[in-house]
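In what follows, a single structure is set out as structure tokens and then discussed.
The values are calculated or read from the model by the stated rules, or taken from the named source; none is laboratory data. If you're wondering where the values come from, they're calculated on a predicted model, not measured in any experiment. Glycine gets a Cβ as well: all are built from the backbone with ideal geometry, and neighbour counts include every protein chain shown.
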Amino acid sequence: MKNMRKHGILNRRTLTLIIIALSVIIILAVTAAGFIMDEELYAPHFAEKNLPPSGHHLFGTDWMGRDMFARTVKGLSVSIYIGLLASCATSVIALFLGVIAGTFGKYASGIFNWFVDIFMGIPHLILLILISLLLGKGAKGVAIGVIVTHWCSLGRIVQAEVLALKDSQFVKASEKLGKTKLWIAFHHIMPHVVPQFIVGLILMFPHAIMHESSITFLGFGLPAEQPAIGIILSEAMKHLTTGMWWLAVMPGISLLIIVVLFEAIGSHLRMLLDPYSAQE
Amino acid sequence: MTDSAKHDEILLSCQNVSFRYHKGPWILRNINLDIRRHERLGLIGPSGYGKSTLSRLLAGYDSPTEGEILWKGKKLPQKGFCPVQMIYQHPEKALDPRWKLKRSVSEGWQPDEELLKRLNINSKLWFSRYPNELSGGELQRFCVARVLAPDTEFIIADEMSTMLDAITQAQIWNVLLDEVKKRDLGLLVITHNNSLAEKLCTRIVDLRDINGAF
Ligand SMILES: Nc1ncnc2c1ncn2[C@@H]1O[C@H](COP(=O)(O)OP(=O)(O)O)[C@@H](O)[C@H]1O
Ligand SMILES: [Mg+2]
């Protein structure tokens, strides 16, 4: 009985690790497959137009006879790539600004909060479209749009965490033991903020990917010749009335799965990194 | 300064100190209190009357809303090792949960083996642990060792032993009192336990008698 319980706890931790590892592997595999994929795989084959999903074409083919599975993988890979770039950049900004706002007194906090309120007040999508249009659409516009709009919420989490830590008894004690502010920032504050930051960063990926897809879907993002998931979905909408459901459903579900996988990595990583619940 | 004058020297002094959290009600109002080197002062009063708040002001963790705290007639130094050190009721909050105890205990100075032994700190076993792996009594020993640095001149113990069992309580107080006497440190004992204060202290002040807020 006792052994069995021990076994159960061990399994939960192992299970968490397995879920993270599997999700990472799937995402990496999709991204890599998209990058090294031969263009021939999603080239038009007019002899095989409008085929529903089958063993030969897993996701069917479209009105130009392009294999939808290959297009979806390619599209996802592009989206993940842009999402990763944008998420990393915006998270670094969030960390930097959040730490500064938390560390340097009232004025820094005031300016920071003012900017955050402005960026959080405007709907992301509108700001994204504006920035993308300004920068001439394309991948660069989308990435910069995501970077500019997404640092606020994570920045605020970082700031709140820094403020709470600065007030904590062990930081006060450290100050009185003669440690400088900079020393405390590196040795007491950072080790607490970084795990939170990493989880926040990973949970940012699905946001970035969804935003990239949605503005591309609306026609303000990546150009039509790029096999992005947003392009695939918006093209599919035009053909939905003809009964070719697989054009939208299969890529849509794939995008959803990728987003769910990112969420899974983030939430399971949080369970691992939280020392208070993890070491139980 | 002659020896007896030094003995009688005022170390910490509250001058018309008032305090409130943000715009809340006054917790402390017009407090005047001198603490001399030769005495061991006990500050008593029921919980919620602002004892911990006053101890945070005296230790320089917070600043008074009005009035001044003076250390030997001057402001407490803001930078560098502070001569006034505090031991807090909750040792688990006074130690970084992500630091091993060896690192925490030597954050301000390197405590010698002899002191660790007297505090019953099992360095072999405990140094490589994290705070959440030890009991409150074990952690409090580390906090005591940490503040007994050579440059410490005054110790504020805020309900230091309230959460501990009787044996641990006696052990820790014995070591602390020994050090205070040997090194002629100032000591402020904050407690809601009158009999503990009577046992340890040479003078007792009830916060209700000096706090204009109540
Ligand atoms: N950080 C805080 N913010 C606002 N009010 C506080 C804070 N800390 C303590 N108080 C209030 O100050 C009063 C005095 O608390 P405290 O100094 O802890 O008393 P004691 O140590 O005598 O029990 C209490 O009413 C408490 O609610
Ligand atoms: Mg208290």
- Task: Go through the residues of the stretch B:76-86 one by one and say whether even a single one is out of contact with any Ser or Thr (no Cβ under 7 Å at 6 or more places or on another chain) and at positive phi.
- Result: yes
- Hey, could you check the stretch A:159-170 for residues that are assigned to a helix (DSSP H, G or I) and more than 8 Å from chain B (Cβ to nearest Cβ) and say which is nearest to B:Pro97 (Cα to Cα)? A:Leu165
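Residue by residue, here is whether (1) over 18 Å from B:Pro111 (Cα atoms); (2) away from ligand 1 (no atom under 16 Å from the Cβ); (3) not in a strand (DSSP E or B) holds:
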{"position": "B:Ser128", "(1), (2), (3)": "no, yes, yes"}
{"position": "B:Thr168", "(1), (2), (3)": "yes, yes, yes"}
{"position": "B:Val180", "(1), (2), (3)": "no, yes, yes"}
{"position": "B:Leu187", "(1), (2), (3)": "yes, yes, no"}
- Residue in the stretch B:150-166 that is nearest to the chain's Cα centre (by Cα), counting only those that are away from ligand 1 (no atom under 16 Å from the Cβ) and either outside any loop (DSSP other than H, G, I, E, B) or closer than 24 Å to B:Asp112 by Cβ (or both): B:Ile155
- Taking A:Lys176 as the residue in question, decide whether it is charged (D, E, K, R) and more than 14 Å from chain B (Cβ to nearest Cβ). no
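Just to be sure, is B:Ser55 within 13 Å of ligand 2 (Cβ to nearest atom) and either assigned to a helix (DSSP H, G or I) or within 14 Å of another protein chain (Cβ to nearest Cβ) (or both)?
Spelling it out, B:Ser55 is indeed within 13 Å of ligand 2 (Cβ to nearest atom) and either assigned to a helix (DSSP H, G or I) or within 14 Å of another protein chain (Cβ to nearest Cβ) (or both).
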- Query: Would a scan of the stretch A:205-216 turn up a residue that is surrounded by fewer than 20 Cβ atoms within 10 Å (Cβ to Cβ), of a type outside the set (A, V, I, L, M) and out of contact with any strand residue (DSSP E or B) (no Cβ under 9 Å at 6 or more places or on another chain)?
  - Reply: yes
- Item | Test result for B:Val180, more than 16 Å from ligand 2 (Cβ to nearest atom), away from every other protein chain (no Cβ under 14 Å) and surrounded by 13 or more Cβ atoms within 10 Å (Cβ to Cβ) | yes
- Query: Are any residues in the stretch A:235-244 over 15 Å from A:Gly65 (Cα atoms) and not hydroxyl-bearing (Ser, Thr, Tyr), and if so, which ones?
  - Reply: A:Met237, A:Lys238, A:Leu240, A:Gly243
- Query: Given the conditions (1) in a loop (DSSP other than H, G, I, E, B); (2) modelled with pLDDT of 95 or more, which single one is not true for B:Leu176?
  - Reply: (1)
- Query: In this structure, does B:Ser4 turn out to be more than 13 Å from ligand 1 (Cβ to nearest atom), away from chain A (no Cβ under 14 Å) and surrounded by fewer than 13 Cβ atoms within 10 Å (Cβ to Cβ)?
  - Reply: yes
- Is it the case that the stretch B:22-45 has a residue that's within 13 Å of ligand 1 (Cβ to nearest atom), more than 14 Å from chain A (Cβ to nearest Cβ), under 18 Å from B:Ile190 (Cβ atoms) and not in a strand (DSSP E or B)? yes
